[in-house]
1. Mind listing just one residue for me: the one in region 81-131 that is assigned to a loop (DSSP other than H, G, I, E, B) and of a type in the set (A, V, I, L, M) and, of those, surrounded by the fewest Cβ atoms within 10 Å (Cβ to Cβ)?
2. Looking at region 6-18 only, could you name the residues that are at pLDDT below 90 and assigned to a loop (DSSP other than H, G, I, E, B)?
3. Among the residues of region 132-154, write down those that are within 17 Å of the chain's Cα centre (by Cα) and either closer than 28 Å to Arg173 by Cβ or open to solvent by less than 30 Å² (accessible area, probe 1.4 Å) (or both).
4. Out of Val93, Val104, which single residue is in contact with a Gly (Cβ under 8 Å, 6 or more places away or on another chain), free of Cβ contacts under 8 Å to residues at least 40 places away in the same chain and under 21 Å from Asn131 (Cα atoms)?
5. So Met22 fits all but one of (1) out of contact with any strand residue (DSSP E or B) (no Cβ under 9 Å at 6 or more places or on another chain); (2) at pLDDT below 90; (3) in a loop (DSSP other than H, G, I, E, B); what number is the exception?
6. Identify the single condition in (1) under 14 Å from Pro172 (Cβ atoms); (2) in contact with a helix residue (DSSP H, G or I) (Cβ under 9 Å, 6 or more places away or on another chain) that Leu203 does not satisfy, given that it satisfies every other one.
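The values are calculated or read from the model by the stated rules, or taken from the named source; none is laboratory data. Predicted, not measured: the structure shown is a model, and the values here were computed from it. Reconstructed Cβ throughout: ideal geometry from the backbone, glycine too, with neighbour counts over all protein chains shown. These accessible areas exclude ligands, DNA and RNA; they are computed on the full protein's heavy atoms, side chains included. Shrake-Rupley method; radii C 1.70, N 1.55, O 1.52, S 1.80 Å.
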Amino acid sequence: TGLGVPRAKRAATIYDVVVEGMPLSHAVVQTQVPGLDIIPAHHDLSGVEIELSQADRRSYRLKDALAKGRADGSINHSYVLIDCPPSLNLLTVNAMSAADAILVPLQCEFFALEGLSQLLKTVDLVKGSLNRALEIQGIVLTMYDRRNALSGQVAADVRSHFGGLVYETVIPRNVRVSEAPSFGKPALIYDLKCAGSQAYLKLAREVVARERRRRLSQEEQTR
């Protein structure tokens, strides 16, 4: 919805890929942003836990689909971003099993800190049993309100505890970013000059830079 993809173009979704075994390429939809494609989600995903409870490789369904897409050349994107639900369920496990690294958006509120500690435990479990290469690329502070003392306190606590793992960029609360989805546009297209869009551009540069360093480090280790 936020990328202006009408329902008529969402005939195939990630549900069909993960549960039914549909090739990823059959579910890919082009967006109005050059170079950005999307695979839509669907509320049927709420039943994945039950439907895949006895399935073979149930924790690797997404990883297997990505591997097939790369092998046949239908998926040749520079980056694949997997947007996970906030709950730690089989969908999240599939994402972590398939991913190289995790970007953690952390809302600048108290309860988000408790959720982060639980997420870190889950990452350790996945690394130990499903994906040894998994790592946290960084934590990004979001919905930061400089008028709110709590936002500043949460940001300070996170930086004190996680140090360099926290991105320098902070995403502020911004009305224009909140408005953008209702117009079917990403914030960068809706209003490039607003504070939220500029923050996301800065974050993108940081993410790409860290990813390049991560890949170079991996290449050096394998030499």
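1. Leu81
2. Correct list: Pro6, Arg10, Ala11.
3. Once the filter is applied, which keeps residues that are within 17 Å of the chain's Cα centre (by Cα) and either closer than 28 Å to Arg173 by Cβ or open to solvent by less than 30 Å² (accessible area, probe 1.4 Å) (or both), region 132-154 yields Leu134, Ile136, Gln137, Gly138, Ile139, Val140, Leu141, Thr142, Met143.
4. The unique qualifying residue is Val104.
5. Every condition holds for Met22 apart from (2).
6. (2)
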